1. Name every residue in the stretch B:397-422 that is within 11 Å of another protein chain (Cβ to nearest Cβ) and in contact with a Lys or Arg (Cβ under 6 Å, 6 or more places away or on another chain), in order of residue number.
2. Let me confirm something: among B:V342, B:V382, B:V394, which residue is in contact with an Asp or Glu (Cβ under 8 Å, 6 or more places away or on another chain), buried (at least 20 other Cβ atoms within 10 Å of the Cβ), assigned to a helix (DSSP H, G or I) and more than 9 Å from chain A (Cβ to nearest Cβ)?
3. Return the residue satisfying two criteria in turn: it lies in the stretch B:345-361 and is touching a residue at least 60 places away in the same chain (Cβ under 8 Å) and within 9 Å of chain A (Cβ to nearest Cβ), and of such residues it is farthest from B:L326 (Cα to Cα).
4. Filtering the stretch B:172-213 down to residues that are surrounded by fewer than 16 Cβ atoms within 10 Å (Cβ to Cβ), free of Cβ contacts under 8 Å to residues at least 12 places away in the same chain and within 11 Å of chain A (Cβ to nearest Cβ), which residue is nearest to B:L442 (Cα to Cα)?
5. Between a first residue in the stretch A:33-62 that is over 28 Å from A:L219 (Cβ atoms) and a second residue that is basic (K, R) and surrounded by 16 or more Cβ atoms within 10 Å (Cβ to Cβ), which pairs have beta carbons less than 6 Å apart while being 6 or more apart in sequence or on different chains?
6. Suppose the filter is within 18 Å of the chain's Cα centre (by Cα) and not small (G, A, S); does A:L237 pass it?
7. Taking the conditions exactly as written (within 25 Å of the chain's Cα centre (by Cα) and away from every other protein chain (no Cβ under 14 Å)), does B:V31 satisfy them or not?
8. Going by the conditions given, is B:V427 within 27 Å of A:L27 (Cβ to Cβ) and within 12 Å of another protein chain (Cβ to nearest Cβ)?
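The values are calculated or read from the model by the stated rules, or taken from the named source; none is laboratory data. What you are looking at is a predicted structure, and each value in this text was computed from that prediction instead of being measured. Methodologically, a virtual Cβ is constructed for each residue, glycine included, from the backbone with ideal geometry; neighbour enumeration extends over all protein chains shown.
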Amino acid sequence: MELSRGNSLRIFVVLVAMVIAGRLFYLQIIDSKYKEYANNNALRPIVLNPPRGEIYDRNGLFLAQSREAYDLMVIPRDVKPFDTLEMCRIIGVEKEEFVHQLKRAGRSSRRPVVLFKLLDKEVKMKFEEHTFPGFFTQYRTIRSYPFHTGGNILGYVGEVNDNTIKNDSYYKRGDYVGMTGIERAYETVLRGRKGVRMELVDVHGMPKGAYADGLYDTLAVPGVSITSTIDARLQLLGEELMEGKVGSIVAIEPKTGEILMMVSSPTYNPDELIGRDRSRNYLKLLREPRRPLYNRAVMASYPPGSTFKLSTGLIGLQEGVLVPSQRYVCNSGYYVGRGVKCHYHDSPLDLRYSIQTSCNTYYCYVFRNILDNKAYGDVKVGFDVWRDYLLSMGFGRRLDSDFSGELKGNLPTTEFYDRVYNGRWNSLTAISLSIGQGEIGVTPLQLANFTATIANRGYYKIPHIIKSIEGGQIDSRFSVPNYTNIDPKHYQVIAEGMYRAVNVEGTAVRAAVKGLDICGKTGTAENGRGRDHSTFACFAPYKDPKIAMSVYVEHGGFGATVAMPIASLLMEQYLTDTITRPELVEYVKRMIIDYPQYDK
Amino acid sequence: MLSDSGNYVRREGAIFAGVDWWTVWIYLALVLFGIISIYASIYNEHSHSIFALSQKSGSQMMWAGISIVLGVVILLVDSKYYHYIAYQAYAATILLLLLTFVFGRTINGAHSWISFGPVSVQPVEFAKLTTALALGKYMGGYGFNIARMKSLSRVGLIVGLPALIVCAQNDTGSAMVFSSFLFMLCREGFTAWVYLVLGMIMFLSVSSFFVEPAALYVVIFLIVVAIETHYNGMMKQKVIYVASVIMAMLVIFFVGLVFGRFLSMMNAFMLALTATLPLVAVYAVRHKLRNVVVFVIFFIASLMFVTSVDYVFDNVLRPHQQHRILDLLGLENDVKGAGYNVNQSKIAIGSGGVLGKGFLQGTQTKFDFVPEQSTDFIFSTVGEEWGFVGSIAVLALFVALIFRVMRMGDRQRDTFGRVYCYGVAGVFFFHVLVNIGMTIGLIPVIGIPLPFFSYGGSSLVAFSMMLFIAIRLNCNAQYQNWQ
């Protein structure tokens, strides 16, 4: 079959047409990327930022509010000659800075560029009294913290970093995100959901109206308000009393595990970390020697000192190596091995009285009986038993609170002693653990939680900072009681000892407030860095406790002289809403503690 | 079908007697679709009506009206007249082309426009028409023999003269259109070798960018053997020959290994070819086939061409040409620079989907993302707003039109008409292939209009005249058939 030339040409034309048709089929039907490119070309999503959810204290006072702020935007192509000096005066920047930013925005673009961020409303109003062609302001929300305090609990809000953007597609460059504290822990609740408006733009970036009549637009969903467990007035008083001191206060409502106050001193004003001065202030805070950005309440690992004797006593009771009526003789110390000194008090003494007077010797006996229990045969087994009890009380591990940045403290292991002492050690080697000294480290949150456990006579609820979320639920893990490995019946005698220490005779009598039935235990924790830490663990009232607290003042000396009066005042404030001892407030405030460790 | 109804034509005997109405309807459909597309491509929220003369769509509509009037006039003129004035018309357009050097204006880099008052014309658009006429007259004349070198060189001269002038005016795209007369020459019996060589050049130019040289050599070898078989037959001998080459390759490869030399596939293949050359000689002598020598030369030339492509690309082409080629072949993706127009055009067409976004709904079209959209890239409007269905419809209309014009050529009784019609069909085909191919990234950017679609009075009027002269010649052929 021989084709005519005409028909060969026809076949050629059809083949070429088929190639073109095939290519069209591929471009228009198979390959979807061109649709995406077309959208990238002609669609500009305008993000609508929702207002961030408010944070209230437990009594409905504002802890964090959202207020309006404005970004100064520019469309470089539309800029006409204007009074640069006047502009700079209004927005409060140097002329050089302004010119620099404007240059960075380019010249020819028709797309709006952010020139200066987060200007106040007043600036915006002044700005609007003038006409600056090409410049306009754009609404967004900014945080404000009415009490100007509690930076470490509330946290602050800042621009997202690249890492967050990479891990969470919700965030885009320039978005704001909770960086620490409640702002971070409840970010997903507080932030709400961004809305988007699809706008058509032409090749020059000029807006050309809504895409598909707004079919794909979504409204911004405002962030949800949350009520914190914090009592703002208590918090404020706590911060006031801690001014000039380094340390921490944590107070918990024992029945619920709600954190009533959490002071980390020195604190900072979270207002300083928003708006245009954020980075400068942040660096300033970062460089401060007393480290205000370090949340001591959940991060610092302090030796617990004598407050730890309570746990030693509880373990002794549970292990059956101690009964409340057991009496030991104390001759101002325990003289086996390296020995532990004690102060003068009546002797011999029983468990209650040992708590009242904070006798070191008594707990040396108890501790050795726990570790050297014949039933275990080996000190290492005994040590692990002891350690397991402490873990069940919340020491040496994170409590799994909703607080980001919580640390574990330090609870030494047998491996640790094996390593340090080449495996040759006994109960005497670790004897100082009995009175909360040595290698042990406890966070103020852990100590407060332990005190709440005693207040509850045997269980705790995981401490948390959020009371309720508007229209939502808080995590169920916060509502279940956690029992320790100690039989609840053993807690009563410890609570009694603490009651008597304050209200009958003992180290803490000056903490007593008539009618409040405060129960407490002082602690004076030796540390390698200077004067002893002053600490106090307490709860009140004795029956049906409403508050449990741990106070820690670094290098404050005796627990009874610094931490105790602070705790006593705060207890009174919380339980009666009054302060009957203004002179004690003055005493605490006037107290001067030197910190050569921090200040050079 | 009116045009096919001989009775009707004979009885009527009027001015529309024998008009190929199918062609006219296709033509009107294309022009109308073109005006709609131009309106869409310039449309924005401030747009006036599609009829406003101040706008491109209104202006194009005016030119369409003028074209139709001219078309009717053309139908009124006796067909002998076109034969009669062919050379004069050709000479006139050559003169016009030359005048552009003196009076011309430069638009978009091409110095190819002449202004008559408010109207600017591009003489080259008319030169295609008159060249087709002149070719028809020359090739239909006495003494023309396509196999003779003298005749062919005259044809080359007729085509080459306007092409060269246009080239000198920096309008390379339009100059290349003149190569479309090869379409007509093929119909007239121009030797197949030319098309074979051209096809081979195109195939090798593209594949040399993608295929390893060794593999490409093998492909060339197989193609040449296939062509030779097509000419001389004797399939069995060719199978034996290819098998021997493969055997020789393997033997050479293993002998190489024995002597500790690892031969590349290329070297083994070339050595095998050399070793089997006597087989070719024996075959040619035994069957008295002289053309085998030609095939051997063709094969060697192809190999040399492949090797020279790289050299030419690196040393002869200018950087912007290199970028265009690399971009087209998908080896480079520079959507900001050389590939910007094509990329935007592909986005517009690709985003059209099956049914398109609808008239005036194309975001890429409406918001000016495709440069030159009302002229060279008009097809992207069709692709975006009318989708795959609309694009295929336009393509089918063009194919139908080309087939219609080819049919007219086949029906002509004299060479003049046939050459002219095939010349016109070739020009249309070239424009459609190159223009649409360019908008979808199949062919490098060559700025030539899509017939009847692209905005521009000169091209619309010239293409219309070309088509209507063909229709007129066809009427005549009809009439003569029934004499």
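1. Within the stretch B:397-422, B:G409, B:Y422 meet the criteria.
2. Selected residue: B:V342, the only one of B:V342, B:V382, B:V394 that is in contact with an Asp or Glu (Cβ under 8 Å, 6 or more places away or on another chain), buried (at least 20 other Cβ atoms within 10 Å of the Cβ), assigned to a helix (DSSP H, G or I) and more than 9 Å from chain A (Cβ to nearest Cβ).
3. That would be B:I349.
4. Applying the filter and picking the extreme gives B:G199.
5. A:R58/A:K467
6. no
7. yes
8. Numbers: within 27 Å of A:L27 (Cβ to Cβ): yes; within 12 Å of another protein chain (Cβ to nearest Cβ): no.
Criteria not met by B:V427.
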